[in-house]
1. Can you name every residue in the stretch 173-189 that is open to solvent by less than 10 Å² (accessible area, probe 1.4 Å) and of a type in the set (A, V, I, L, M, F, W, C)?
2. With (1) open to solvent by less than 10 Å² (accessible area, probe 1.4 Å); (2) farther than 30 Å from residue 436 by Cα; (3) small (Gly, Ala, Ser); (4) in the same structural domain as residue 430 (by the TED database) as the list, and residue 386 as the residue in question, which single condition is left unmet?
3. From the list 480, 521, which one is of a type in the set (Lys, Arg), within 28 Å of residue 439 (Cβ to Cβ) and modelled with pLDDT of 95 or more?
4. Determine whether the stretch 310-317 contains at least one residue that is within 25 Å of residue 342 (Cβ to Cβ) and either open to solvent by 10 Å² or more (accessible area, probe 1.4 Å) or in the same structural domain as residue 195 (by the TED database) (or both).
5. Which one is farthest from residue 355 (Cα to Cα) among residues in the stretch 544-572 that are within 47 Å of the chain's Cα centre (by Cα) and open to solvent by 60 Å² or more (accessible area, probe 1.4 Å)?
6. Working carefully through the options 341, 276, find the one that is in the same structural domain as residue 188 (by the TED database), hydrophobic (A, V, I, L, M, F, W, C) and either in contact with a helix residue (DSSP H, G or I) (Cβ under 8 Å, 6 or more places away or on another chain) or assigned to a helix (DSSP H, G or I) (or both).
7. I need a count of the residues in the stretch 537-594 that are basic (Lys, Arg) and part of a loop (DSSP other than H, G, I, E, B).
8. Report yes if residue 350 is over 30 Å from residue 535 (Cα atoms) and either at pLDDT below 95 or not assigned by the TED database to the domain that holds residue 242 (or both), otherwise no.
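The values are calculated or read from the model by the stated rules, or taken from the named source; none is laboratory data. Keep in mind it's a predicted model, so treat the numbers as computed, not measured. Methodologically, a virtual Cβ is constructed for each residue, glycine included, from the backbone with ideal geometry; neighbour enumeration extends over all protein chains shown. When the accessible area is computed, the model is the full protein with side chains, heavy atoms only, and any ligands, DNA or RNA have been set aside. Shrake-Rupley method; radii C 1.70, N 1.55, O 1.52, S 1.80 Å.
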Amino acid sequence: MEPSHQLSQAPEEIILRWDSAAPEELKDKMIFDSDREEIDRYLQAVDEIQRSMSSASISDDQNKVDSTMQIAMARLEDEFRYILSSHTTPIEVESLTDPSSSSRSMSTTESCVFEDENDEEADSQEVQLDLSSTSSPRFGSSGRSSYRAMSSIREIDLIPSDAIIDLRSIAERMITAGYLRECIQVYGSVRKSTFDSSFRRLGIEKLSIGDIQRLDWNELEMKIRRWIKAAKVSIRTLFASEKKLCEQIFYGIGTAIDDACFMETVKGPVVQLFNFAEAISISRRSPEKLFKILDLHDALTDLIPDIDVIFDSKSAEYIRIQTAEILSRLAEAVRGTLSEFENAVMRDPSLQPVPGGTLHPLTRYVMNYVSLISDYKVTLDELIVSKPSTGSRYSADPTTPDMDFAELEGKTPLALHLIWSIVVLQFNLEGKSRHYRDPSLAHLFIMNNVHYIVQKIKLSPELREMIGDVYLKRLTGKFRRAATNYERTTWVNVLYCLRNEGLNVGGSLSSGPAKSLIRERFKTFNAMFEEVHRTQSAWLIPDSQLREELRISITEKLIPAYRSFLGLHGHHIESGKHPENYIKYSVEELENAILDFFEGCSVTHNLRRRSH
């Protein structure tokens, strides 16, 4: 506001009246707490002193004017600080957080890498993969920026408009008098404190890059989620609103003074904010970090356009460069972490066979991990640009898996990485299966685990699309072959006991030698079936449908053979002595016994004997 009336006192008297050595009644009083007339009188006095500085000719007058101006500037500096401080209040940052902007994975993304909602034993098993051996718009005449129209930026009024008018009137006079540095310093010192307060409430801590890298991963995971929310509020509201306030107070007073003031105020908070993302981008890579790094990358990608607009000046170029570099390093961390995951799966050292041939924790871990990767398909398709590194198709090295890319022509690099992860997993599982002493159990183990792989692919439309039906069909064939191999290994010898060949001794089934062979075959069958029942009841097929299908397949092969053998030869045994020692079970009892198979529970009772 420009005063227009004539001063009733000399300007020097008005200035000195409000000096720190002023009368007692004015010592603790602020000019801008006075009535408007008193404020205008003081500002007009400053203006006249300013004009007189150029016309003062005698050195004594010049010194007096200079001294008066220094007193006025000191007073205006105090007034500027007072107005700014008294109208600077903590921002309710909680109300600015957009609940819909939460990262995809929030609290359950990483936990579900280890767990399946429907897996009965998921809660008790974990896999720890050992990685120790791894490797912009410009301002127009209005002073308003076009970013105001962007929906992502949510400016708020930090200070009432009447206070802004007073602050601008002080700033104009201080800058005209050559007190630009002091004005900016006062503004920065007061406004920085609001960032400290807001950052504390948002959970942005003052941590060095070293401090962040030493944090436990569980704690760091929580901080990443918090940082993503805080960064969106900080950039789109706090920094944007601070820039608006600087424009309101300083725009048009001098050349880019509003920008200088803005950068002086936010440079510390900006460093504090981006230190965290930078620390994550250069931290040690391990598989469990992938999804949080992706969340961080996606969040920063979303913020880059806002950063480029809010920090659009030449003096803020280093911020734009820094965020672009952090984004690039996060992308490289994603690529490196995916490679670490593949290597860790290949190196998984666990040699102890899982009891009962059930799912290996590694299988659950890898497939849940791969399923989550497919959820980030849009981002990863941009970041993963090269095929996985594999050995030669015709390599004679039996210690490494291989994959024929020619069979997968047309697949994206990301899809090839996912398929490669599954190839590596199968290779690892084949090695683990060799630790089972019972070949039947080894086949059951492969069947269980490859079936789980197939089901996980089928349950995820995104994953199934990337893997493709050709490779899915190959996996399906593999678990079915494993089931066939299990049946052949377990039941061929059992069914061999029920053959008719060789029983027509002496041309008659009723001869003494023939009856003896029949008794021996019943006896051998009983012993073999009881052993299979005893051991394989403790084996586990966790998928109920697969379990039922295999039981049906066993029943369809065993029961007709047993019924036929019993029908043909049973009466020869029943007409002799102690038939119960040879024909121990009825057909129905065998059918019921098969229902005990693959439940994962040792049978505590003997098979129910046939009634005679």
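1. Once the filter is applied, which keeps residues that are open to solvent by less than 10 Å² (accessible area, probe 1.4 Å) and of a type in the set (A, V, I, L, M, F, W, C), the stretch 173-189 yields 174, 183, 186.
2. That leaves (1) as the condition not met.
3. 480
4. no
5. Restricting to residues being within 47 Å of the chain's Cα centre (by Cα) and open to solvent by 60 Å² or more (accessible area, probe 1.4 Å), the top hit is 552.
6. Working: 341 fails: in the same structural domain as residue 188 (by the TED database).
None of the others qualify; the one that does is 276.
7. 2
8. Numbers: over 30 Å from residue 535 (Cα atoms): no; either at pLDDT below 95 or not assigned by the TED database to the domain that holds residue 242 (or both): yes.
So residue 350 fails the test.
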